[in-house]
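Trainee: For reference, the structure I am asking about is given below.
The values are calculated or read from the model by the stated rules, or taken from the named source; none is laboratory data. Keep in mind that this is a model prediction, so the values were computed, not measured. Cβ coordinates were reconstructed from backbone atoms using ideal geometry, including for glycine residues, and neighbour counts include every protein chain displayed. Side chains included, ligands, DNA and RNA excluded: accessible areas come from the protein's heavy atoms. Shrake-Rupley method; radii C 1.70, N 1.55, O 1.52, S 1.80 Å.
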Amino acid sequence: MQLLNQFLNSWKDITTHKKVWALTLPMILSNLSVPLVSLVDTMVMGRLPEAHNLAAVTVGSTSYLFIAGCLSFFRMGTIGFTAQAVGRQQGSALRQILMQSLLLALSLSILLIFLAIPFYQLTLYWIQPNQEFHEAAQQFFNWRILGLPAALLNYTLVGWYLGSQNARIPLIILITTNIINMVLSVWFVLYLDKGVIGAGQAAVIAEWSGCLIGFCFIYVPLKKYVGQWFLSTLKHWSTWKALLTVNRDIFIRSLTLQGVFFLLMIQGARLGEETVSANIIIINGLTITAYILDGFAHAIEALCGKAIGEKDKLALKTTLIVACGWALLASLLFAINFLQFGHYFINLQTTIVSIREQAYPLIPYLAILPLIAVWSYLLDGLFISATRAKEMRNSMLLAFIISLPLGFILQPLANNGLWITFLTFMALRSIILGYISWKITKQNQWINQEA
């Protein structure tokens, strides 16, 4: 009864509802544009007569997103430190975090461009595609990888803006980037007949456009939080240690997560072009739900990080209750709608009958995924806000270690075995993170660092 009363009292806090939605709604709108790019690419390539075009873009995009996704720590690490600096009203720390994160993103992205090509060659060797598939996939990736520096700089800028309690600028960055991508993809592929090369070129132009837009608005948070640029601090290891440690742990966590998606794509590709294309259609649905539910996770990251910086336990608890309540309602709506209208969602993405027939039986997996995955998204947001990356890393590794043998055991079930393993992995992420969160809460350790 006491827990119920605490929940009801927190849920009645209209101010917190407004704060949550002030950050969540812009991020939902901007996040929606991200999976829509993949959806449009699928729709465009799915209307070309040869299945290898869609399969090539699927493999190329997944390989690129594997690399970029492993580096999403630039957003996650930046937002936690930035939000806590805002909570402590430390404008100079706000500037230092921005400088360090941008330098790290630019340096690492340039290095990774040179490493990505042999990595991709290994991927194609593993899949063993036919000649047309191989050539198309290679052409797409060679263009797509040129957008990596812009993508990592965008991760950093979006995280910094969100940590500064500003969701409008990330909205402008992401929506503009993805509208450019979608428009150019349709134009280059369907009207200029550039095929997979056109899809890659559209993505690169869009990412660099978004990066330029992001830099144009840096002055906005800096006006609100007065401070100084201490360039000399960049020379000292002690000023980098906390950021690099958190980013290292989030990198390992993200590498593991992207590895799971990569294995799902690779194993699907080994089952055939139609199977991997059907899987990407279902993943597009998961991605749409993930980006919408991540809007609530972003609100948790920003508001809980600020509460931790202010050492405000009540604000921390109230934010969690309000954001989690809305996210659960949203996940229920997704599950119901996918069950009812999943066939229309699949038909929208491709006119190829063989791919549709492969995708229809996967609708139940798509429907249940939001209900399972929502908790891991929200808990990730809490741990990011507290810059507790070690726990995120360990929970992800444990879920992977437990799930991997299951994948081998279920190989006789072919594609169904892949999806059952994936569902198990997502459930384990939520369960393990939830247990760790419960222990931290019980020990009253969410707010324990010095300002």
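Trainee: Give the residue, chosen from ILE175, ILE213, ILE180, ILE218, that is of a type in the set (Val, Ile, Thr), closer than 21 Å to PHE140 by Cβ and surrounded by fewer than 23 Cβ atoms within 10 Å (Cβ to Cβ).
Mentor: Working: ILE175 fails: closer than 21 Å to PHE140 by Cβ; ILE213 fails: closer than 21 Å to PHE140 by Cβ; ILE218 fails: closer than 21 Å to PHE140 by Cβ.
Unique residue meeting the criteria: ILE180.
Trainee: Determine whether GLU301 is surrounded by 23 or more Cβ atoms within 10 Å (Cβ to Cβ) and farther than 30 Å from GLN84 by Cβ. Lay out the reasoning, then the answer.
Mentor: Values: surrounded by 23 or more Cβ atoms within 10 Å (Cβ to Cβ): yes; farther than 30 Å from GLN84 by Cβ: no.
Criteria not met by GLU301.
Trainee: I've got another one for you. Within the stretch 244-274, can you find the residues that are over 20 Å from the mean Cα position of the chain (by Cα) and crowded, with 20+ Cβ neighbours inside 10 Å?
Mentor: Residues satisfying the conditions are GLN267, GLY268, ALA269, GLU273, GLU274.
Trainee: I need a count of the residues in the stretch 188-204 that are in a helix (DSSP H, G or I) and touching a Gly at 6+ places or on another chain (Cβ under 8 Å).
Mentor: Residues of the stretch 188-204 in a helix (DSSP H, G or I): 188-191, 195-204.
Among the residues that remain, those that are also touching a Gly at 6+ places or on another chain (Cβ under 8 Å) are: 188-189, 196, 200, 203-204.
Qualifying residue count, the stretch 188-204: 6.
Trainee: Looking at the stretch 88-100 only, could you name the residues that are open to solvent by 10 Å² or more (accessible area, probe 1.4 Å) and either closer than 30 Å to LEU124 by Cβ or assigned to a helix (DSSP H, G or I) (or both)? Please lay out each step first, then the result.
Mentor: Narrowing the stretch 88-100 to residues open to solvent by 10 Å² or more (accessible area, probe 1.4 Å): 88-90, 92-93, 95-97, 99.
Those that are open to solvent by 10 Å² or more (accessible area, probe 1.4 Å) and either closer than 30 Å to LEU124 by Cβ or assigned to a helix (DSSP H, G or I) (or both): SER92, ALA93, ARG95, GLN96, ILE97, MET99.
Trainee: Filter the stretch 233-243 down to the residues that are surrounded by 13 or more Cβ atoms within 10 Å (Cβ to Cβ) and of a type in the set (S, T, N, Q), then identify the one that is modelled with the lowest pLDDT.
Mentor: For the stretch 233-243, the residue satisfying everything is THR233.
Trainee: Among the residues of the stretch 101-133, write down those that are closer than 24 Å to LEU271 by Cα, touching a helix residue (DSSP H, G or I) at 6+ places or on another chain (Cβ under 7 Å) and part of a helix (DSSP H, G or I).
Mentor: Those that are closer than 24 Å to LEU271 by Cα, touching a helix residue (DSSP H, G or I) at 6+ places or on another chain (Cβ under 7 Å) and part of a helix (DSSP H, G or I): TYR120, THR123, LEU124, TRP126, ILE127, GLU132, PHE133.
Trainee: Given (1) open to solvent by 10 Å² or more (accessible area, probe 1.4 Å); (2) out of contact with any Lys or Arg (no Cβ under 9 Å at 6 or more places or on another chain); (3) closer than 16 Å to LEU65 by Cβ, identify the lone condition not met by PHE141.
Mentor: For PHE141, the failing item is (1).
Trainee: Here's another thing I want to ask about it. Which one of the conditions (1) surrounded by 20 or more Cβ atoms within 10 Å (Cβ to Cβ); (2) closer than 22 Å to LEU162 by Cα; (3) at pLDDT below 90; (4) not acidic (Asp, Glu) does THR319 fail to meet, given that it meets all the rest?
Mentor: (3)
Trainee: Do we find a residue being at pLDDT below 90, outside any helix (DSSP H, G or I) and either surrounded by 21 or more Cβ atoms within 10 Å (Cβ to Cβ) or of a type in the set (Lys, Arg) (or both) anywhere in the stretch 368-386?
Mentor: yes
Trainee: Which residue is most open to solvent (accessible area, probe 1.4 Å), if the candidates are limited to the stretch 387-429 and must be among the hydroxyl-bearing types (Ser, Thr, Tyr) and either in a helix (DSSP H, G or I) or free of Cβ contacts under 8 Å to residues at least 24 places away in the same chain (or both)? Reasoning before the result, please.
Mentor: Here is the first cut: in the stretch 387-429, the ones among the hydroxyl-bearing types (Ser, Thr, Tyr) are 387, 395, 403, 421, 424.
Now drop any that are not either in a helix (DSSP H, G or I) or free of Cβ contacts under 8 Å to residues at least 24 places away in the same chain (or both), which leaves 395, 403, 421, 424.
Working: SER395: 6, SER403: 6, THR421: 21, THR424: 48 Å².
Top of the filtered list is THR424.
Trainee: Identify, please: which residue in the stretch 430-451 is aromatic (Phe, Trp, Tyr) and surrounded by fewer than 13 Cβ atoms within 10 Å (Cβ to Cβ) and is, among those, modelled with the highest pLDDT? Write out each step before concluding.
Mentor: Our first condition is that a residue be aromatic (Phe, Trp, Tyr); within the stretch 430-451, this holds for 435, 438, 446.
Pick out the ones that are also surrounded by fewer than 13 Cβ atoms within 10 Å (Cβ to Cβ) and you get 435, 438.
Working: TYR435: 94, TRP438: 91.
It comes out as TYR435.
Trainee: If I ask for residues that are of a type outside the set (A, V, I, L, M), free of Cβ contacts under 8 Å to residues at least 40 places away in the same chain and more than 19 Å from GLY91 (Cβ to Cβ), which ones from the stretch 211-247 would you list? Explain how you work it out, then say what you get.
Mentor: We begin by selecting, within the stretch 211-247, every residue of a type outside the set (A, V, I, L, M); these are 211, 214-217, 219, 221, 223-225, 227-230, 232-233, 235-241, 245, 247.
From what is left, the residues that are free of Cβ contacts under 8 Å to residues at least 40 places away in the same chain are 216, 219, 223, 232, 235-238, 241.
Scanning the stretch 211-247 gives CYS216, LYS235, HIS236, TRP237, SER238, LYS241.
Trainee: Taking ALA269 and the conditions (1) under 23 Å from SER61 (Cβ atoms); (2) at pLDDT 90 or above, which numbered condition does it fall short on, given that it satisfies the others?
Mentor: (2)
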